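To keep things clear, I will list the structure first and then write my remarks on it.
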Amino acid sequence: MQSFDILIKNGTILTMDPSDSIINNGLIGINGEQISFIGEEKGNPINAEFVIDAKNGIILPGLVNGHTHAAMTLFRGLADDLPLMEWLNNYIFPAESRIDSYFVHTGTSLACAEMILSGTTTFCDMYLFEEAAAQACKEAGMRSLIGEVLYDFNSPNYGSIDNGFIYTESLIEKWCGDPLVSIAIEPHSLFTCSPDLLKTAGKLSIKYKVPLITHLSETEDELRFVEKTYGKRPVHHLNSLGILGPNLITCHCVHVSSDEIKMLKEKNVKIIHNPESNMKLASGIAPVQEMISSGITVGIGTDGCASNNDLDLFTEMGTAAKLHKVKEMDPTVMDAKTVLRMATINGAKALGMDKITGSIEIGKKADIIVVDTNKPHLTPIYNPYSHLVYSARGSDVVHSIINGRLVMSQRELLTIDVKDVIKKAEGIAKRIMSERKV
Ligand SMILES: [Zn+2]
């Protein structure tokens, strides 16, 4: 008789494996951290310590949020309807100059709660006081790739940039080998980082074999600044610094030319698409169809909560699919399966995690969610991919398993005290309002 720690049964499994296998009335067996069985229910005797009944719902890999600033949940709605530079310089940067570890721990815990509740099991974070973010992820049981944001002006966490690199190296050493938390090197952008900073970041990424992550060509202002300052377009500027490579993950890439896309592909650079943030800040529409057609690995991210204003990847997927159809004036582009792949296996590939997560395959870590489809807005089901991208919402996810551990059961979070986190977040919001100068 087969024995499992956790058995998931009675659902349609979208594996997102290389063959896009779908298993109706499927079974998944989990032992320890790993998926050890995938198959059809055939009435064979099975012994399981814990059984999850998917009730004819959809079972799929947990979603991968390729780019966010988790603790910015605490700035949700603080300043909206503004251009990026005004939003950053007049509201976000001044508010961020007063944050601390407690703020980041609370904001990241709040983000983890929101992400688990909406089906995300892995996310990539860029922010300040990231030791506190890493701790919050570990406590929440979420898989994460985390990096301290690096720039040339003084940080409220590490002070000058020299200390920023020392802090990042200490994070790498501390979290090395952790089953959930990995560390990346994360220079903020080409308009806040000098060529020297970017080159040092690139060398550290190679030295420690960890990803290098930056915002790239998010706005036209940024493009103009880079062209005026360095006499080159942003991708060419990065190329001249010698840091375009498979370890580089670039977020946004709204204003990239065909020539730059070709270069990103040649160097095997990864891209994270952030459609809702790009729409809300009126940054533009990234040429994602061209990126995908050229063979670049593209994942999807929500960006921070202050520019979205939520972390729900289901709504992000729907937006991405529809935005590019209207951009290209072609309803066949960015089909549902392509978009779901961006939020699962291709997101994992972009983050360098596709060997462990992003699909349901034997031997991979068990990062799995169950969507309840017994609802009016999810009835009937003809195509599960379409359902997930065009009809489902994050709140339809009922169970979540990360690294073999049940972190949400029947929409109840098992690793986070939500009431406590909300109370702390409200306390911080009161402080932010009392300190507000603009
Ligand atoms: Zn961002």
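The values are calculated or read from the model by the stated rules, or taken from the named source; none is laboratory data. Given the structure is predicted, the values throughout are model-derived calculations rather than measurements. Neighbour counts run over all protein chains shown; Cβ positions are idealised from the backbone, glycine included.
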- [ ] State all residues of the range 196-218 that are acidic (D, E) and more than 16 Å from the ligand (Cβ to nearest atom); if no residue qualifies, say none.
- [x] D196
TODO: Read through the list (1) within 16 Å of the ligand (Cβ to nearest atom); (2) assigned to a helix (DSSP H, G or I); (3) surrounded by 22 or more Cβ atoms within 10 Å (Cβ to Cβ), then give the number of the only condition that D221 fails.
DONE: (3)
Open item on the list: So, in the range 158-181, exactly how many residues are touching a residue at least 40 places away in the same chain (Cβ under 8 Å) and not aliphatic (A, V, I, L, M)?
Closed with: 4
TODO: Select from the range 331-355 the residues that are within 23 Å of I206 (Cα to Cα) and without any contact (Cβ under 8 Å) to a residue 60 or more places away in the chain and write down the one among them that is surrounded by the fewest Cβ atoms within 10 Å (Cβ to Cβ).
DONE: K355
Task: Selection count, the range 245-298, where residues are outside any helix (DSSP H, G or I) and modelled with pLDDT of 95 or more - done: 30
TODO: Consider only pairs whose beta carbons are under 6 Å apart and that are at least six residues apart or on different chains; among these, list those whose first residue lies in the range 123-139 and is at positive phi and outside any strand (DSSP E or B) and whose second residue is more than 14 Å from the ligand (Cβ to nearest atom) and among the hydrophobic types (A, V, I, L, M, F, W, C).
DONE: F129/V104
- [ ] Considering only the range 14-37, state which residues are surrounded by 17 or more Cβ atoms within 10 Å (Cβ to Cβ) and either among the aliphatic types (A, V, I, L, M) or modelled with pLDDT under 95 (or both).
- [x] L14, M16, I23, L27, I28, I30, I35
Task: Candidate set: the range 271-286, residues that are closer than 16 Å to I261 by Cα and under 13 Å from the mean Cα position of the chain (by Cα); chosen: the one nearest to the ligand (Cβ to nearest atom) - done: I272
Task: Residues of the range 240-253 that turn out to be more than 15 Å from the ligand (Cβ to nearest atom) and of a type in the set (S, T, Y), as a count - done: 1
TODO: Could you please find all residues in the range 201-218 being of a type outside the set (D, E, K, R) and either over 20 Å from the mean Cα position of the chain (by Cα) or assigned to a loop (DSSP other than H, G, I, E, B) (or both)?
DONE: A201, G202, L204, I206, Y208, V210, P211, S217
Open item on the list: Among the numbered criteria (1) within 16 Å of the ligand (Cβ to nearest atom); (2) crowded, with 18+ Cβ neighbours inside 10 Å; (3) not hydrophobic (A, V, I, L, M, F, W, C), which one does H237 miss?
Closed with: (1)
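What about E148, is it of a type in the set (D, E, K, R) and surrounded by 19 or more Cβ atoms within 10 Å (Cβ to Cβ)? Steps first, please.
Values: of a type in the set (D, E, K, R): yes; surrounded by 19 or more Cβ atoms within 10 Å (Cβ to Cβ): yes.
In short, yes.
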TODO: Quickly run through the range 299-335 and pick out the residues that are more than 16 Å from the ligand (Cβ to nearest atom) and farther than 18 Å from S386 by Cα.
DONE: K327, E328, M329
TODO: Quick one: in the range 240-269, of everything that is crowded, with 24+ Cβ neighbours inside 10 Å and not aliphatic (A, V, I, L, M), which residue is farthest from the chain's Cα centre (by Cα)?
DONE: C253
- [ ] Spot the failing condition for I58; the list is (1) under 23 Å from S409 (Cβ atoms); (2) surrounded by fewer than 21 Cβ atoms within 10 Å (Cβ to Cβ); (3) touching a residue at least 24 places away in the same chain (Cβ under 8 Å), and only one is missed.
- [x] (2)
Task: Of residues in the range 30-80 being among the small types (G, A, S) and more than 29 Å from H387 (Cα to Cα), the one farthest from the chain's Cα centre (by Cα) - done: A48
Task: 2 or more residues modelled with pLDDT of 95 or more, over 17 Å from the mean Cα position of the chain (by Cα) and closer than 17 Å to L14 by Cβ: qualifying helices (runs of 4 or more DSSP H) within the range 312-377 - done: 336-343
TODO: For N239, indicate whether it is at pLDDT 95 or above and in a helix (DSSP H, G or I).
DONE: yes
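Looking for whichever is without any contact (Cβ under 8 Å) to a residue 24 or more places away in the chain and under 30 Å from C176 (Cβ atoms) here; the options are K207, K270, K228, K232. Which one fits?
On the way: K270 fails: without any contact (Cβ under 8 Å) to a residue 24 or more places away in the chain; K228 fails: under 30 Å from C176 (Cβ atoms); K232 fails: under 30 Å from C176 (Cβ atoms).
After applying the criteria, what remains is K207.
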Task: Only one of F123, F153, F165 that is aromatic (F, W, Y) and within 30 Å of E316 (Cα to Cα) - done: F123
Open item on the list: Could you check the range 419-435 and list, in sequence order, the residues that are in contact (Cβ under 8 Å) with a residue 24 or more places away in the chain and either loosely packed, with under 15 Cβ neighbours inside 10 Å or assigned to a strand (DSSP E or B) (or both)?
Closed with: I422, E435
